[in-house]
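The values are calculated or read from the model by the stated rules, or taken from the named source; none is laboratory data. Predicted, not measured: the structure shown is a model, and the values here were computed from it. Note that we place each Cβ from the backbone using ideal geometry, even for glycine, and neighbour counts take in every protein chain shown.
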Amino acid sequence: METTKAKIVCGEMLLILVLAFSIPSVSLAAEDIWTAKADMPTARILLGTCVVDGKIYAIGGGPAPHMHSSAVEEYDPETDTWTRKAPMPTPRAGLGVSAVNGKIYAIGGAERSIGTVEEYDPATDTWTRKTNMPTARGFFTTNVVNGKIYAIGGATDTSGPAFRTVEEYDPETNTWKRRANMPEPRYFHTAGVVDSKIYIIAGSWQAGTASSAVFAYDPASDTWERKTDAPTARSWQSPTAGVVDGRIYVIGGDAGPPDADVEEYDPATDTWTTRADMPTPRGALSTIALNDKIYVIGGTVTLFNDVLSTVEEYYPNPIVVDFNGDGIVDIKDLLRLIDSWGLDDPMCDIAPQPFGDGVVDALDLELLMSFWGQPVDDPTLIAHWALDETEGMDVSDSAGNNNGYALGEPIWQPDGGKVNGAILLDGVDDYVITGAAPNPADGPFSVFAWIQGGAPGQVVMSQMNTANWLCTDSLECNLMTELQAAGRSGSPMISQTNITDGKWHRVGFVWDGLYRTLYVDDILVAEDTQKGLESSFGGLNIGCGSNSAAGTYWSGLIDDVRIYNRAVKP
Ligand SMILES: [Ca+2]
Ligand SMILES: [Ca+2]
Ligand SMILES: [Ca+2]
């Protein structure tokens, strides 16, 4: 008997460990949303990326110093999966990769430059040799304007010096043509296209240098123009820069130690904005935009010693219309918008897209109404357990990758929930365990759940071995939280609102970086300030306390548990 119990405990511990370390983490910030994605199969630096038919192709690069890869790996953002494809005939790093009319061109590269051009057809998974580029080089950029590829700058090896060379490739005729040189030599720079102009940003002119200069090239007139410098000088850039909503994002790279800086360039106004850092600092990476998101792929943290397979998705300008975070756009969101009418409320200032205009008015109302009754795809919703299962242990997270397990044999209530089905917990040993939760110290976040039942001292949601996030106090059954600042300055917050009257209630905790707030049925029931929230990394328990103590198990129903990486304001 003892042995069996020990085995079960052991199994649960293992499950907890596996969950705690296998789940991608999510970085939290007010507007800049970074999400960890499935690793690329082959860790690489100095690779090239492009998009064909909604899929990203990561081609070539170096798996280690002075080793060159022929790897072709296809990433599908819809399913977050990677597929290996036919290898590139000529292995190389520091190459240019661009797509025209559904075909991909792998151009040049190094070490010791080669001018090789090979065409990849994703439809047939085959490679074809094409005309070499006139000036063999690597560490340059390629961009497409009006069906032609522009290969700009570069060097013959990593120690430079750089070229000013610009060559235009026409895939239709398989021919190369020389164009006007750059004003200054560059390699390890990045480049993005906005309105048929190519913007060359940052890079080196010789080994150990880093530039912040910006040059705009207009292929139509074959002319160059200097633009406003970037705030940060850097090198070891991605050969492609992500462009979203007409703005160019310069991400990571190196001017000394590899950095995590993200800077946004708006060619329309020739101005720069500093954005939130990326989670993993790195250089010699590749960045590529797809569907308003930028995928940051591979690279290295120490220039060549730690080559990464890391993929992080950056969503710079998310559109959020489900203001109160309940999964539907309805009268409650409309009332929230009307509340902010005429004011500069960033949450409701959603139009004109993508940046708003500093006032909530008819434009914002019109955009909100266009989402009325539509399915909500909220990029700030990082975990959502609908709890609509009908049997078994698996508990699905429909928003993130944080699937959980139901332990203690709770009873699924497919017809007995607030939003479709719910889970009925027995108050003895039933609960749901999930993988790593967002770290409360990382920035604004919100957690909401529907509950029915409960008793004094019971817990709706907690983080393993740290805090009870949503629970009832042991005397009055009022909603409370133990999410608090570290050390002596922190204390639990207890509301005066009883939630165990047998009715359904929507309970919520919101942290906006300064204030913590408790909500019951979208009404604010407690609020105070804290000096940050204590850092913790554990997985989550739905329906039992952080220490799994007897008496903390929820007796009743729990439904529709949601975590957002923003401060939801019902
Ligand atoms: Ca809503
Ligand atoms: Ca507006
Ligand atoms: Ca449900």
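Identify all residues within the stretch 48-69 that are buried (at least 18 other Cβ atoms within 10 Å of the Cβ), under 18 Å from residue 140 (Cα atoms) and modelled with pLDDT under 95; write none if there are none.
62, 68, 69
Which of the residues spanning the stretch 392-420 are assigned to a strand (DSSP E or B), aliphatic (A, V, I, L, M) and within 15 Å of ligand 3 (Cβ to nearest atom)?
395, 406, 411, listed by residue number.
Taking the stated definitions as given, is residue 344 over 30 Å from residue 40 (Cα atoms), among the charged types (D, E, K, R), within 16 Å of ligand 2 (Cβ to nearest atom) and surrounded by fewer than 17 Cβ atoms within 10 Å (Cβ to Cβ)? So that I can check it myself, show each step before the final result.
On the way: over 30 Å from residue 40 (Cα atoms): yes; among the charged types (D, E, K, R): yes; within 16 Å of ligand 2 (Cβ to nearest atom): yes; surrounded by fewer than 17 Cβ atoms within 10 Å (Cβ to Cβ): yes.
So residue 344 fits the description; yes.
Which condition number in (1) of a type outside the set (S, T, N, Q); (2) over 30 Å from residue 404 (Cα atoms); (3) exposed (fewer than 14 other Cβ atoms within 10 Å of the Cβ) is the one that residue 377 fails?
(2)
Kindly evaluate residue 479 against the criterion of being away from ligand 3 (no atom under 16 Å from the Cβ), farther than 18 Å from residue 381 by Cα, part of a loop (DSSP other than H, G, I, E, B) and assigned by TED's automatic domain parsing to the domain that holds residue 398.
Against the criterion (away from ligand 3 (no atom under 16 Å from the Cβ), farther than 18 Å from residue 381 by Cα, part of a loop (DSSP other than H, G, I, E, B) and assigned by TED's automatic domain parsing to the domain that holds residue 398), residue 479 does not qualify.
In the list 309, 235, which residue meets the criterion of being closer than 25 Å to residue 78 by Cβ and of a type in the set (Ser, Thr, Tyr)? Even if it seems obvious, please write down each step before you answer.
Working: 235 fails: closer than 25 Å to residue 78 by Cβ.
Of the residues listed, the single one that is closer than 25 Å to residue 78 by Cβ and of a type in the set (Ser, Thr, Tyr) is 309.
Among the residues in the stretch 362-373, are any away from ligand 3 (no atom under 16 Å from the Cβ), part of a loop (DSSP other than H, G, I, E, B), touching a Gly at 6+ places or on another chain (Cβ under 8 Å) and in contact (Cβ under 8 Å) with a residue 12 or more places away in the chain? Break it down stepwise before answering.
Filtering the stretch 362-373 down to residues away from ligand 3 (no atom under 16 Å from the Cβ) leaves 362-373.
Of the ones still in play, those that are also part of a loop (DSSP other than H, G, I, E, B) are 371-373.
If we keep only those that are touching a Gly at 6+ places or on another chain (Cβ under 8 Å) too, we end up with none.
The answer is no; no qualifying residue exists.
In the stretch 328-341, how many are surrounded by fewer than 19 Cβ atoms within 10 Å (Cβ to Cβ) and away from ligand 2 (no atom under 16 Å from the Cβ)?
Summing the residues that are surrounded by fewer than 19 Cβ atoms within 10 Å (Cβ to Cβ) and away from ligand 2 (no atom under 16 Å from the Cβ) in the stretch 328-341 gives 5.
Quick check: is even one residue across the stretch 297-308 within 30 Å of residue 564 (Cβ to Cβ), within 14 Å of the chain's Cα centre (by Cα) and part of a loop (DSSP other than H, G, I, E, B)?
No: the stretch 297-308 contains no residue that is within 30 Å of residue 564 (Cβ to Cβ), within 14 Å of the chain's Cα centre (by Cα) and part of a loop (DSSP other than H, G, I, E, B).
Residues of the stretch 320-345 being assigned to a loop (DSSP other than H, G, I, E, B) and within 14 Å of ligand 1 (Cβ to nearest atom), which ones?
Matches in the stretch 320-345: 320, 321, 322, 323, 324, 325, 326, 327, 328, 329, 330.
State yes or no: is residue 84 basic (Lys, Arg) and closer than 23 Å to residue 188 by Cβ?
So residue 84 fails the test.
Inspect the stretch 307-323 for any residue being touching a Phe, Trp or Tyr at 6+ places or on another chain (Cβ under 6 Å), within 14 Å of ligand 2 (Cβ to nearest atom) and in contact (Cβ under 8 Å) with a residue 24 or more places away in the chain and give the result as yes or no.
Yes, the conditions are met somewhere in the stretch 307-323.
Can you tell me how many residues in the stretch 441-468 are at pLDDT below 95 and in contact with a strand residue (DSSP E or B) (Cβ under 7 Å, 6 or more places away or on another chain)?
4
Look through 245, 330, 326, 270 and report the one residue that is touching a Phe, Trp or Tyr at 6+ places or on another chain (Cβ under 9 Å), at positive phi and touching a residue at least 12 places away in the same chain (Cβ under 8 Å).
Working: 330 fails: at positive phi; 326 fails: at positive phi; 270 fails: touching a Phe, Trp or Tyr at 6+ places or on another chain (Cβ under 9 Å).
Answer to the check: 245.
If a residue counts only when it is among the aromatic types (Phe, Trp, Tyr), which strands (runs of 3 or more DSSP E) contained entirely in the stretch 120-219 have at least 1 such residues?
126-130, 148-152, 166-170, 175-179, 197-201, 214-218
Go through the stretch 64-102 and give me each residue that's among the charged types (D, E, K, R) and out of contact with any Phe, Trp or Tyr (no Cβ under 7 Å at 6 or more places or on another chain).
Within the stretch 64-102, 76, 78, 80, 84, 85, 92 qualify.
Taking residue 389, is it away from ligand 2 (no atom under 16 Å from the Cβ), surrounded by fewer than 15 Cβ atoms within 10 Å (Cβ to Cβ) and either part of a loop (DSSP other than H, G, I, E, B) or in contact (Cβ under 8 Å) with a residue 60 or more places away in the chain (or both)? If you could, list the steps in order and put the result at the bottom.
On the way: away from ligand 2 (no atom under 16 Å from the Cβ): yes; surrounded by fewer than 15 Cβ atoms within 10 Å (Cβ to Cβ): no; either part of a loop (DSSP other than H, G, I, E, B) or in contact (Cβ under 8 Å) with a residue 60 or more places away in the chain (or both): yes.
So residue 389 does not fit the description; no.
Name the residue, out of 446, 491, 495, that is in a loop (DSSP other than H, G, I, E, B) and closer than 22 Å to residue 532 by Cβ. I'd like the intermediate steps shown before the answer.
Details: 446 fails: in a loop (DSSP other than H, G, I, E, B); 495 fails: in a loop (DSSP other than H, G, I, E, B).
The unique qualifying residue is 491.
Test residue 562 against the stated conditions and say whether it is at pLDDT 95 or above and surrounded by 17 or more Cβ atoms within 10 Å (Cβ to Cβ). Give the derivation first.
Numbers: at pLDDT 95 or above: yes; surrounded by 17 or more Cβ atoms within 10 Å (Cβ to Cβ): yes.
So residue 562 passes the test.
Output the residues belonging to the stretch 516-531 that are surrounded by fewer than 17 Cβ atoms within 10 Å (Cβ to Cβ) and more than 16 Å from residue 470 (Cα to Cα).
529, 531
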